[in-house]
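Let me begin by presenting the structure, written as structure tokens, before commenting on it.
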There are 2 protein chains.
Amino acid sequence: MFELLKKEGRARLGRFETPHGVVQTPVFMNVGTQAAIKGGLDANDLKKLGCQIELSNTYHLHVRPGDELIRDLGGLHRFMRWDGPILTDSGGFQIFSLAELRSIREEGVQFHSHVDGRKIFMSPEKSIRIQSNLGSDIAMAFDECVKIPSPREYVEASCRRTARWLRRCRDELSSIREQGTGTNPGQVLFGINQGAVFHDIRISHMKEIAELELDGYAIGGLAVGETHQEMYDTIEAVEEYMPADRPRYLMGVGTPTNIIESVYRGVDFFDCVMPARNGRHGHLFTWGGVLNIKNEKYLRDDGPIDPECSCPVCANYSRAYLRHLFKAEEMLALRFAVTHNLFFYNTLMERIRGALAEGTFASFREKYSELLGKRI
Amino acid sequence: MFELLKKEGRARLGRFETPHGVVQTPVFMNVGTQAAIKGGLDANDLKKLGCQIELSNTYHLHVRPGDELIRDLGGLHRFMRWDGPILTDSGGFQIFSLAELRSIREEGVQFHSHVDGRKIFMSPEKSIRIQSNLGSDIAMAFDECVKIPSPREYVEASCRRTARWLRRCRDELSSIREQGTGTNPGQVLFGINQGAVFHDIRISHMKEIAELELDGYAIGGLAVGETHQEMYDTIEAVEEYMPADRPRYLMGVGTPTNIIESVYRGVDFFDCVMPARNGRHGHLFTWGGVLNIKNEKYLRDDGPIDPECSCPVCANYSRAYLRHLFKAEEMLALRFAVTHNLFFYNTLMERIRGALAEGTFASFREKYSELLGKRI
């Protein structure tokens, strides 16, 4: 399903087929955790912003409104009226970051919902059944996302369990496929590599899960507190053990700089809440760096957020108006900020793909990798 | 500028020309107090929702971002990228409802900003200069909005002062016109009738201000605590003293029922925060009554909010999805609710105009006046 079209160094240009269309890689998945994009954007807006694939969350949707309800209403695509590809995160990350009073056993994890405190049990099988009900195109394996730092012994034991859980995920999806009970018969499974920043554990775990010949592999458990350099080093260490003919997904990453640097190191898929979260604080990405629209200097600025940008906000509205909306705490401020930032991220990926196609990614990286992180 | 096209009883079908286009009446003005529509809607959305005329607020925009800034950036139309007609409220209502530590003198009102507490002085001349800077098509007179109930003596004295203030508003606008310093040379002034629910005071005040031959007249100071019947009775009492060849604007009103009943009594212009405010609470207007989308019964409801509605939300999304968005506290819930409710209000006015054009307003009123207020 994944086709590697071209390489420049380790950076890869590719395409990935899903039941809801082809994804051109490298790609940034636009995050709609609870089946909705932050900032009040809807599925129709996503199309206009160049989104190729949407990401929603197993844990959140299981808690509210419930995956069986979504299945009964035709699945997540129909529920949120997004007819493009969808990836669902397995809930692992959220259970280990949001939920309280966890108890981890071989069978799965017992925890309390962050919404109403009710007890929930999540296992590899249950996560896959939920994702099958949602009907995403790509289901993610249920894993333990280990904190950084964690003792080496804990990480090793956790990775062994995560590998056992992965087999159970695969088996559960196979059995759903055989029974024909899934919402999306073409749904595939991506495995997740863990191991904190211990390169040898990352590598042995990666080798083990590569044997399952899944449709894609993610690097999980990064961007959780380690330095950027530690993250890049870990990607470099594990990348060569990832199957070359499968897409690689770096979970929860990151800044434009992080993305460029990770594409450079062989990553194909990304997702991050940053365009929305930073947008809500008035931090807007531009091709000259990051600006804070609340800054006094934009008070009378009649120009667009970014003269190089052709998003619906830059095409129509001024910095002065957007600054006013932020100062007046109007919801429209958030919608405009998220619209602009998501368009920026999707355009960034488009330009990265363009550079890879032309064999000019090295100079693209040289020009933009630092620049896009600059505060202006 | 106002043309009365047809009457049915006291109800009127008309058209009002402004420098930014013709307004078909009866009309509901869509409220964008701070130069932004609540719920994250932008000027482009307003167009799609059938909005004919937008309403912004003198007091709010004077406080933030400042009317001189808006003038310097080309006026309010350009600032918010809305090229249709705009009416600006004078700030009177907000000063008497929001601001603290008011002192009212003949010259004007001293008060403290609700945003940062700074002292502001507002007079008829200043309100008009602010509205001239904003460049709205219709400026409203600066008046005192009297509380209901208030002692008769206070209301009489206040109305006399409001009438004197109206002359000062008119003179200030004339002088700006002569000097050619306004942002919108075609800007006109509407006077405001006050008098609480004392019919005789309303009538004598109306007679007095009618002599100024302004381009339109509003009924202010209603929908501030009196009963609906008192409001209707007051409209009926004063209506016959309002110039027939000028539009009548009932300020801050109201529910669909209020609007139908007031059109029936000869009113042409309306505005209200209700479509947005009620929308934020999940109360959605339909042609069968008002529903609360948070209600349990919509949990699995795959139908649109209103099968009779062709708004962008009803055309695409289900009640179940919208209910989920409300429960999950997603901003998209508010955008959808406000979108639907504003479309409903604009369609209501369109259907009222259609009924008036066909001479069937009486049966329209009979069918819908109560029905649209029913909780379903």
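The values are calculated or read from the model by the stated rules, or taken from the named source; none is laboratory data. For clarity, every value in this text was computed on a predicted model and none was experimentally measured. All Cβ positions, even for glycine, are placed from backbone atoms using ideal geometry, and neighbour counts span all protein chains on display. Ligands, DNA and RNA are stripped out before the accessible areas are found, and what is left, the full protein with its side chains, is counted by its heavy atoms. Shrake-Rupley method; radii C 1.70, N 1.55, O 1.52, S 1.80 Å.
To the nearest 0.05, how large is the calculated FRET efficiency for A:A210 and B:H281 if R₀ is 60 Å and r is the Cβ-Cβ distance? Calculated transfer efficiency: 0.70. 3J(HN,Hα) along region B:360-376: 10, 5, 4, 6, 4, 4, 4, 6, 9, 4, 7, 3, 5, x, 5, 7, 10 Hz, from the Karplus curve 6.51 cos²θ - 1.76 cosθ + 1.60 with θ = phi - 60°, whole Hz, x for Gly and Pro. Label-point spacing at A:L5 relative to the other copies reads 5.4 nm, in ascending order, each point sitting 7 Å out from Cα along Cα→Cβ.
For region B:91-154, the gyration tensor built on C-alpha atoms gives an oblate shape. Its axis ratio a/c (a ≥ b ≥ c) is at least 1.5, and a/b is not larger than b/c. Solvent exposure of region B:128-255, expressed per residue, is 37 Å² of accessible area, with all protein chains present and a 1.4 angstrom probe. Estimated from the Cβ-Cβ distance and a Förster radius of 60 angstrom, the FRET efficiency linking A:E240 and B:N316 is about 0.85. Label-point distances for B:E366 to the equivalent site in the other copies, using a point 7 angstrom along Cα→C-beta, read 8.3 nm when ranked shortest first. Proximity of backbone amide H atoms, modeled 1.01 Å from N, is registered between A:D306 and no other residue at under 5 Å, excluding neighbours fewer than 5 places apart on the same chain. The order of the peptides B:150-156, A:279-285 by mean Cβ neighbours within 10 Å, most packed first, is A:279-285, B:150-156.
Checking every one of the trypsin sites (Lys or Arg not before Pro) in region A:110-140 against DSSP loop status and a limit of 12 other Cβ atoms within 10 Å picks out A:R118. For the rotational copy pair A/B, the chain A residue whose Cβ lies nearest the symmetry axis, together with its distance in Å, is A:G40, 2.
Suppose R0 equals 30 Å; then what is the FRET efficiency for B:K367 and B:L299 from their Cβ-Cβ distance, rounded to the nearest 0.05? About 0.45, to the nearest 0.05.
Cross-link pairs exceeding 29 Å in C-alpha to C-alpha distance, out of B:K38/B:K294; B:K48/B:K147; A:K6/A:K47; A:K294/B:K294, comprise B:K48/B:K147; A:K294/B:K294.
Highest mean packing comes first when the peptides B:33-41, B:225-233, A:227-235 are listed by Cβ atoms within 10 Å, giving B:33-41, A:227-235, B:225-233.
The lysines whose alpha-carbon is closer than 16 Å to the alpha-carbon of A:K297, local same-chain residues fewer than 8 away aside, are A:K327. Among A:A362, A:A163, A:A139, the largest mean-square fluctuation in a Gaussian network model of chain A (Cα springs under 10 Å) belongs to A:A362.
Per residue, the solvent-accessible area of region B:64-105 (1.4 Å probe, heavy atoms of protein chains only, all protein chains present) comes to 40 Å². Based on DSSP H segments of at least four residues, each scored -39500 (n - 2.57), the protein assembly as shown has a per-residue ellipticity at 222 nm of -12500 deg cm²/dmol. Computed from protein heavy atoms with a 1.4 Å probe, the total accessible area buried between B and A is close to 3600 Å². The label-point distance for B:K7 and A:E358, in a model that sets each label 7 Å from Cα toward Cβ, rounds to 7.1 nm. Nonpolar atom fraction for the protein assembly as shown, defined as the carbon and sulfur part of the 1.4 Å probe accessible area, stands at 48 percent. B:R351 label point (Cα plus 7 Å toward Cβ) to equivalent points in the other copies: 4.9 nm, shortest first.
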